[in-house]
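Report on the following structure.
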Amino acid sequence: MSAQTKQFKVIGQRLQRPDGIDKVTGRARYGADIDAAGMLHGKILRSPHAHARILSIDTSAAEQLNGVMAVITRADFPTPHKGFEDVQDNCMAGDRVLYDGHAVAAVAATSKHIAKQAIKLIKVQYQVLPHVTDVEQAIQPDAPVVHSGLVSRRVPKGFSENVVRYSSFGHGNIETGFKAADAVLERTYKTEATHQGYIEPHACMASMGLDNRADMWVCTQGHFWIRNMCAGVMAMESASLRVTASEIGGGFGGKTTVFIEPVVLALAKKSGRAVKMVMTREEVLRATGPTVSTMMHVKVGMNKAGRITAAYAKLFYQAGAYKQATVDFGAMPAFAPYALENVKTEGLDVITNRPRTASYRAPGAPPACFAAESAIDELCQELGLDPMEVRLINAAKGGTKSSYGPTFEDHGLIQCLEAAKAHPHWQAPLEINQGRGLAAGFWFNFGGETCVSVFLNNDGSVTVTEGNPDIGGSRASISMMVAEELGIPYEQVRTTVTDTGSLGPNEPTHGSRVTFAVGLAAIKSARAIIDEIRARLARMWEVDVTDVVWQDGAAHYTGNKAGTFEPLDLRQVADIANNLGGPIAGHHEANAEGAGVSFGVHIADTEVDPETGFTSVKRYTVIQDAGKAIQPDYVEGQLQGGAVQGIGWALNEEYVYGEDGCLQNTGFLDYRIPVASDLPMIDTVIVEVPNPGHPFGVRGVGETPIVPPLAAIANAVSRACGKRQVDLPMSPPKVLASMQKA
Amino acid sequence: MSHSHVSTTINGQAVQYACPTDASLLEVLRDQLGMTGTKEGCGSGDCGACSVSLDGRLVCSCLVLGVEAQGRTVDTIEGMADKNKLHTLQTKFLEHAALQCGICTPGVLVAARSLLEKNPDPTEQEVRYWLAGNLCRCTGYDKIIRAVLEAAKTMREEQA
């Protein structure tokens, strides 16, 4: 039966998550919520300079302070395993600090208070070096160089050594395409760095025995990766480190890598005690997370009929102090929503004296989409075309050769656009000073390394063990899929996120992969249980296994001796399992493929105050293809949350660096994420075009919602104030200045 | 660091502790009393994750000293449910899926309870402004606002 016609019993219901009660009563344990006997408190000393050589570090006074049990610097770290050099250098600086907030030394002490005092006693001599934090300045041939000798072969000449990577994608001939256009638009767009802004700061506790075997409790999106990275940085075997993931207080991509974890391990090793470290918000903003900042040149040609004849983008992405591939994930999706004959995108990776960038929900895509969708919107205005019709005319379909190479399988972009067009929001009247913006967005989605085990318990209940921290209700969705497959009630299944010692490796909760890939592996594990039950009952009944079918939660004999054997449900099977060969379990290990691409369409209404340039969001609608929504509440939640993060990126979030190269807004007061009073309700429409790569049709939904909002809001603001906005965030002074320009 | 002896009432129970004079109420709750339901998101009063009620007034416990609880009453998330019965706000948060990661949830619930004690029939805008000091990065607030409005309605009906 295909996913389209299948009638579901559990899937699609708005069931409550198994961790819900713990989370509304304060019982759930997050990263900072665990203590150990005799535990020490760790604290990191961080660089006050954007770029400096470390001449000396004197830790003697700190070591002599009563209560200090360990002080470490880079000298206490081993040579890392190959491939983990940058990770180690980012966790603890070597001979140079590369950004404001870079870790220089760390202490473990008997109290937080003493640890804080000890940090102040460490004396570091710096030789301050020239720095660069702005992407446009960093590419100039005479810019201060962050790392020498990293430039890869394909990078074009004419830039500083900070431009370290080059990538390009596309097909056709854009010059021919531009000649065929009735209008060609060329613009340069800029976006500032933002932070994922999870409310839970990074937190970790670890202990290490004299045999160098260690245990860690940490808030992370992927404890298997934390284990691998810690092992790489500390030159350990992965098996000697067992990592347990706490409940996680938000991640959005920013908790897929290590910052404090190897430092805590090094402190635990040196002190011989359990060590706990919790970052302050200032540390979170200075030393973790941020996204790229960008400068993007875009050129788009369109004919009078609204057909895009050629599209080109050249993206400079500022990646922080180390080489990154994020720009590829801007260059590939920039024009992915459209079927184009001539398209070319180029990506240039630029290093600067800023924190190493980390993933943030569809990493790389939102800025590129902002540039591409802004250009298309402006061309619609220039040619007097309806932006919805132009997107419908150009929309990619199943079978379209994508702008980044592969040919698309079936997906729901057209259905999303049709749903947007039919939505009352699209036709609703606007008031004075208001504008409506439309944008489409794309994200690849991902599957990846996944291991799941499903156990039939003695009483017939079912335990699912998986390895992906649950941020938004995935344990509920996985339990629902297993219950559906086994034909049993949701309440009979409990899904647990297990530690790294209890399951094979799993990639983190990233790439919108969990409901897709873990769900897929859980379904296949459940199928393995069904097949095992069928085989055992066939032996017991002495019948052919093909005559034993699993239906509605029970094994039925369907052969020519029908009526001889009563159906057996899961509880009855569990009762006799031990007499039929022992416990019954299913497991599945795979590098899950077939994730299914994802498209979304957003409509935004904004009002711009002509006196102040202040923008308020009046109405917002998200339409997205979920393939199949397992638990619609949680799909809507992803759509709403992603959209609001994008609204923040568009309107008020930005990293502000001073002339000294230091971050100036290191708290939630100055780094302002959207608050409840900034927003309207966020309306959602879930479109379901099943993903052929999943038994129930699931597509990941987590990342796509942050891709269109930057453009949707920019298009709305541009139309509201009559001036095209090309520089994010659209803070009131910037918008006002643009309105006052002739 | 000198310690002060404090006698206070937390979630209806008489509690005594000795805390450093510079310790925040949040540190006392979490580190000394093991009440980790109250969360720290910023330590500077900007995020609301540490919201508690102090003599019925909504405060950020990171901005209150532990010694300031002397002779007063503190209400935290741990005291919100009545033994085995969830508070209506808690029930509505679950029914409306008003949480994703859940780290802001204790603070949001404590703040929302404080609102409904003062204003049992708030408008959407009143809820949005009251909760403007409680940052949530996951939900976009939509389902939180709906859950609070729905809880207010149910509580009014129960009172009637």
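Read-outs: derived from the displayed coordinates by stated rules, not from any lab. The structure displayed is predicted, hence computed values, not measured ones. Glycine also receives a Cβ, built like all others from the backbone with ideal geometry; neighbour counts cover every protein chain displayed.
What number does the range A:545-636 give for Rg over Rh if you use C-alpha atoms and the Kirkwood radius?
1.35
Give me the three principal axis extents of the range B:3-76 from the C-alpha atoms, as integers in angstrom, largest value leading.
Extents along the principal axes, in whole Å: 28, 24, 18.
Taking Rh as the Kirkwood radius computed over C-alpha pairs, what is the Stokes-Einstein D of the range B:51-132 at 25 °C in a medium of viscosity 0.890 mPa s, expressed in µm² per second?
Stokes-Einstein gives a translational diffusion coefficient of 180 µm²/s.
Do the alpha carbons of any pairs in A:Lys157/A:Lys179; A:Lys116/A:Lys190; A:Lys299/A:Lys734; A:Lys628/B:Lys39 sit beyond 30 Å of each other, and which pairs?
Pairs exceeding 30 Å: A:Lys116/A:Lys190; A:Lys628/B:Lys39.
For A:His49, A:His297, what's the fewest-to-most ordering of other Cβ within 10 Å of each Cβ?
Taking fewest neighbouring Cβ atoms as first place, the list is A:His297, A:His49.
List every residue whose amide H lies under 5 Å from the amide H of A:Asp727, counting only residues 5 or more places away in sequence or on a different chain, with H placed 1.01 Å from N in the peptide plane.
Here the answer is A:Lys190, since their amide H atoms fall under 5 Å of that of A:Asp727.
Would you mind estimating how fast the range A:5-121 diffuses translationally, via Stokes-Einstein at 37 °C and 0.692 mPa s with the Kirkwood radius over Cα pairs, in µm²/s?
D, rounded to a whole number, is 185 µm²/s.
State the Cα centre-to-centre distance between the range A:382-456 and the range A:650-681 in whole Å.
Taking the Cα centre of each part, the range A:382-456 and the range A:650-681 sit 29 Å apart.
Taking each residue of B:65-78 in turn, how many C-beta atoms of other protein chains fall within 10 Å of its C-beta, and what is the average?
That average works out to 1.
Give me the compactness ratio for the range A:610-725, meaning the Cα radius of gyration over 2.2 N^0.38 Å.
The reported ratio for this selection is 1.28.
What would the Debye formula give as log10 I(q)/I(0) at q = 0.10, 0.25, 0.26 Å⁻¹ for the alpha-carbon point model of the range A:584-673, no solvent?
-0.49, -1.27, -1.30
Give, rounded to the nearest 20 debye, the magnitude of the charge dipole that the range B:3-76 has about its Cα centre when Lys and Arg contribute +1 at Cβ and Asp and Glu contribute -1 at Cβ.
160
Using θ = phi - 60° and the Karplus curve 6.51 cos²θ - 1.76 cosθ + 1.60, what whole-Hz ³J(HN,Hα) does each residue of the range A:639-655 get, with Gly and Pro shown as x?
4, 5, x, x, 4, 6, 4, x, 4, x, 4, 6, 10, 9, 8, 6, 7
Any idea what the relative contact order of the range B:1-155 is, in percent, if you count C-alpha pairs under 8 Å spaced at least 6 apart?
24
Which of the listed residues, A:Gly702, B:Ala112, A:Ser240, is farthest toward the dipole's positive end in the protein assembly as shown, when Lys, Arg count +1 and Asp, Glu count -1 at the beta-carbon?
A:Ser240
Roughly how many Å is it from the Cα centre of the range A:323-355 to that of the range A:593-621, as a whole number?
Cα centroid to Cα centroid, the span is 22 Å.
Which whole-Hz ³J(HN,Hα) couplings does the range A:235-247 yield from phi under the Karplus relation 6.51 cos²θ - 1.76 cosθ + 1.60, θ = phi - 60°, glycine and proline marked x?
Listing the rounded values in order: 6, 10, 7, 4, 5, 7, 10, 9, 10, 10, 8, 6, 4 Hz.
Could you bin all the Cα-Cα distances of chain A into 20 Å bins starting at 0 and give me the percent of pairs in each, rounded to whole numbers?
Pair shares across the bins are 17, 46, 30, 7, 0.
With 20 Å as the cut-off, how large is the P(r) tail for chain B, expressed as percent of Cα-Cα pairs?
Tail fraction, whole percent: 48.
Determine the shielding of peptide B:29-41 by partner chains: average, over its residues, the number of Cβ atoms on other chains within 10 angstrom of each Cβ.
Mean number of neighbouring Cβ atoms from other chains: 4.
For the range A:124-263, count the residues as N, evaluate 2.2 N^0.38 Å, and divide the Cα radius of gyration by that value, please.
1.56
Skipping prolines and chain starts, which residues have an amide H placed within reach, meaning under 5 Å, of the one on A:Val687, given they are 5 or more residues away or on another chain?
A:Gln624, A:Asp625, A:Ala626
Could you pull the Rg and Dmax for the range B:88-159, using just the Cα atoms, both in Å?
When restricted to Cα atoms, the range B:88-159 yields Rg and Dmax of 10.9, 33 Å.
Taking amide H atoms as placed 1.01 Å from N in the peptide plane, list the residues 5 or more away in sequence, or in a different chain, whose amide H sits under 5 Å from that of A:Phe252.
none
Quick one: Karplus J couplings for the range B:22-31, per residue in order, coefficients 6.51, -1.76, 1.60, θ = phi - 60°, nearest Hz, x for Gly and Pro?
My calculation for the range B:22-31 gives 9, 7, 6, 4, 4, 5, 4, 4, 6, 7 Hz in order.
Once the Cβ-Cβ distance between A:Asp531 and B:Gln32 is put in as r, and R0 is 51 Å, what FRET efficiency do you end up with, to the nearest 0.05?
Step by step, r from the Cβ atoms, then E = 0.40.
Using only the Cα atoms of the range B:80-128, what are the Rg and Dmax in Å?
11.1, 32
I need the trypsin sites (Lys or Arg not before Pro) found in the range A:393-493, filtered to DSSP loop residues with at most 14 other beta carbons within 10 Å of theirs.
Answer in residue order: A:Lys397.
Give, rounded to the nearest 20 debye, the magnitude of the charge dipole that the protein assembly as shown has about its Cα centre when Lys and Arg contribute +1 at Cβ and Asp and Glu contribute -1 at Cβ.
Its charge dipole is roughly 940 debye.
If you keep only loop residues by DSSP, which GluC sites (Glu not before Pro) in the range A:562-637 have at most 15 other Cβ atoms within 10 Å of their Cβ?
Those satisfying the criteria are A:Glu593, A:Glu611.
Could you give the semi-axes, largest first, of the ellipsoid that matches the range A:378-519, computed as the square roots of 5 times the alpha carbon gyration tensor eigenvalues and rounded to whole Å?
Whole-Å semi-axes of the equivalent ellipsoid: 43, 19, 14.
Starting from the range A:463-543, pick out the GluC sites (Glu not before Pro) whose DSSP state is loop and whose Cβ has at most 16 other Cβ atoms within 10 Å.
Taking the range A:463-543 and a limit of 16 other Cβ atoms within 10 Å, the loop GluC sites (Glu not before Pro) found are A:Glu542.
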